[in-house]
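Engineer: I'd like to ask some things about the structure below.
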Amino acid sequence: MGNKFSKSWINMRVGYDNISRSTILLDHINKLSQEDDIDLIDLYCGSGNFLIWSLDKNISFNNCILVDHDIKLLKSIKSNLRTHLRPMYSIQSNTNNLDLLIKKNSEILSTISIKKNDCDSYRCSCEKYHVISYSAALDIMPKPSIGSALKRIKKNNILYFSLCFNGKVRWTPTNTFDKYILTFFNNHQRSDKGFGKALGSKSIEFIKQKADKLNLNITIKDSPWIIKNKFDKDKVFMKRYILDIKKSLFHMEGIDKDILRKWYQDKKSEIDNKKIQLYVGHNDILLYKK
Ligand SMILES: C[S@@+](CC[C@H](N)C(=O)[O-])C[C@H]1O[C@@H](n2cnc3c(N)ncnc32)[C@H](O)[C@@H]1O
């Protein structure tokens, strides 16, 4: 697999991600003084979905830096913000779409600076940014990248890993081969997808151990996708999800291709017949110094 993320998949996820995200960040921010301006650095930002969710929940950041190494995704941030946030917010930009202003009722609410960079080597004065976000990223990160993220925690900020895949997938009704496929899928998540060997769902246990060692406060909440297959878009989403699983596992060592094909075909027809529901486990994890 290449090290690029599909823009269409990230965009398809946004609605499901938004309803899955937990309240831990909101709860934390509500405890801060109302007068405080809050600044954000969103690493592994993709096409800006975390910022969109934040604004939708009335979490507004004063200065924001969004960093990713994929310029195609970065260049789509402006149109993504516009699609999801208008008419409540207006989005203005410079010519290259990498410096944005978000306005509400003609007042500037946020200035956004978009940077193409490797996130692990990206240098910032992290103490200036109150929220350091990694959304839908933890499970693809190798250990050294998680280590770099933890080093960004300073006295006045929080580190927020949201939508971290926790390895649990449940189909209702189940299929004989679900467990078999999930085992391969979780192993695949721990392979090197071009960023170094990821920890996959084991990253959550790793973070817990690190938090303990570093004496950090840690709060964890569930943020699963629960997809009930009520609307056509659910069908499209679930079909894309199983297709991506099939493609990812097809060339894995040891996989029985006949089982994989049968599992895929059965799921596809169950999705078409609306008989099926999908649960994909995620966790949101908030860390800060004690
Ligand atoms: C699953 S996407 C999540 C995107 C976004 N945060 C969201 O919630 O939709 C993971 C993102 O991490 C980026 N990425 C992965 N490794 C990176 C690295 N070392 N430096 C910068 N970006 C990276 C990919 O380009 C991709 O946009």
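What follows is calculated from the coordinates using simple rules that are stated; it is not laboratory data. Because the structure is predicted, anything quoted here is derived from the model rather than measured. Positions of Cβ are generated from backbone atoms using ideal geometry, with glycine treated the same way; all protein chains shown enter the neighbour counts.
Engineer: Find, to one decimal place in angstroms, the Kirkwood hydrodynamic radius of the stretch 30-134, where the mean of 1/r is taken over every pair of different Cα atoms and then inverted. List each step's numbers first, then the result.
Structural biologist: On the way: mean 1/r = 0.0723 Å⁻¹.
That comes to 13.8 Å for the stretch 30-134.
Engineer: Running Debye on the chain with equal point scatterers at the Cα sites and no solvent, what base-10 log of I(q)/I(0) appears at q = 0.08, 0.11, 0.15 Å⁻¹?
Structural biologist: Results for the chain at q = 0.08, 0.11, 0.15 Å⁻¹ read -0.35, -0.67, -1.21.
Engineer: How much length is gained if the chain between residue 151 and residue 123 is pulled fully straight, taking 0.36 nm per residue apart and subtracting their Cα-Cα distance, in nm to one decimal?
Structural biologist: Details: separation 28, 0.36 × 28 = 10.08 nm, distance 1.14 nm.
This chain segment gains 8.9 nm when fully extended.
Engineer: Ok, one more. Using only alpha carbon pairs under 8 Å that are at least six residues apart, calculate the relative contact order of the stretch 1-133 and give it in whole percent.
Structural biologist: Numbers: 191 pairs, mean separation 34.3, N = 133.
About 26 percent, as a whole number.
Engineer: Okay, next question. What number, in percent, do you get for the relative contact order of the chain if the mean sequence gap of Cα pairs under 8 Å and at least 6 apart is divided by its residue count?
Structural biologist: Numbers: 516 pairs, mean separation 59.4, N = 290.
After rounding, I find 20 percent.
Engineer: Comparing 247, 267, 116, which has the greatest mean-square fluctuation in the GNM of the chain with Cα pairs linked when under 10 Å apart?
Structural biologist: Comparing 247, 267, 116 in a Gaussian network model of the chain, the most mobile one is 247.
Engineer: Separate question: Working from Cα positions, state the angle (0 to 90°, nearest 10) between the long axis of helix 178-189 and the longest principal axis of the chain.
Structural biologist: It works out to around 40 degrees.
Engineer: On average, how much area does the Cα convex hull of the stretch 144-290 cover when viewed from any direction, in nm²? The partial results should precede the final answer.
Structural biologist: Working: hull surface 39.6 nm².
Average projection, Cα convex hull of the stretch 144-290: 9.9 nm².
Engineer: Taking every Cα atom in the stretch 222-264, find the radius of gyration and the maximum pairwise distance Dmax, and write them in Å.
Structural biologist: For the stretch 222-264, the Cα-based Rg and Dmax read 12.9, 36 Å.
Engineer: While we're looking at this one, here's another question. Cβ under 15 Å from residue 246's Cβ, residue 246 left aside: what net charge do those residues give with Lys, Arg +1 and Asp, Glu -1? Display every interim value, and only then the final one.
Structural biologist: Working: positive: 239, 240, 247, 257, 261, 262, 267, 268; negative: 178, 244, 256, 258, 266, 270.
In short, +2.
Engineer: Diagonalise the Cα gyration tensor of the stretch 93-139 and give the resulting equivalent ellipsoid semi-axes, square root of 5 times each eigenvalue, largest first, whole Å. Don't skip to the end; give the middle numbers.
Structural biologist: Working: eigenvalues 112, 42, 27 Å².
Ellipsoid half-lengths, sorted descending, are 24, 15, 12 Å.
Engineer: Further question: What is the magnitude of the charge dipole of the stretch 1-94 about its Cα centre, with +1 placed on the Cβ of each Lys and Arg, -1 on the Cβ of each Asp and Glu, and no other charges, expressed in debye to the nearest 20? Display every interim value, and only then the final one.
Structural biologist: Details: 11 positive and 10 negative charges, 123 e Å.
For the stretch 1-94, the charge dipole is close to 600 debye.
Engineer: Then there's this: What ranking of 259, 242 emerges when the number of other C-beta atoms within 10 Å of each C-beta is taken as an exposure proxy, fewest first? Before the final figure, lay out the partial values.
Structural biologist: Details: 259 15, 242 20.
Ordered by Cβ neighbours within 10 Å, fewest first: 259, 242.
Engineer: What residues of the stretch 111-130 lie in the reach of a label at residue 99, counting those whose backbone N is under 14 Å from a point 7 Å from the Cα along Cα→Cβ?
Structural biologist: 111-115
Engineer: Under a GNM of the chain (C-alpha, springs under 10 Å), which listed residue has the highest mean-square fluctuation: 271, 140, 255?
Structural biologist: 255
Engineer: Right, here's the next one. Give me the tail of P(r) for the stretch 115-220 as a percent: Cα-Cα pairs with distance above 18 Å.
Structural biologist: Working: 3003 of 5565 pairs.
Counting every Cα pair in the stretch 115-220, those more than 18 Å apart make up 54 percent.
Engineer: Take residue 177 and residue 71, extend 7 Å from each Cα along the Cα→Cβ direction, and tell me the distance between the two endpoints in nm.
Structural biologist: Taking the simple label geometry, residue 177 and residue 71 are separated by 4.2 nm.
Engineer: Here's something else I'd like to know. Provide 178, 139 in ascending order of the number of other Cβ atoms located within 10 Å of each residue's Cβ, fewest first. List each step's numbers first, then the result.
Structural biologist: Working: 178 17, 139 23.
Fewest to most other Cβ atoms nearby, the residues stand as 178, 139.
Engineer: In Å, what Rg and Dmax follow from the Cα atoms of the stretch 186-229?
Structural biologist: That works out to 13.9, 43 Å for Rg and Dmax.
Engineer: If you don't mind, another one. Arrange 266, 42, 232 by Cβ neighbour counts within 10 Å, fewest through most, would you? Could the numbers behind the result be given before it?
Structural biologist: Working: 266 17, 42 28, 232 8.
Arranged by neighbour count, lowest to highest, 266, 42, 232 become 232, 266, 42.
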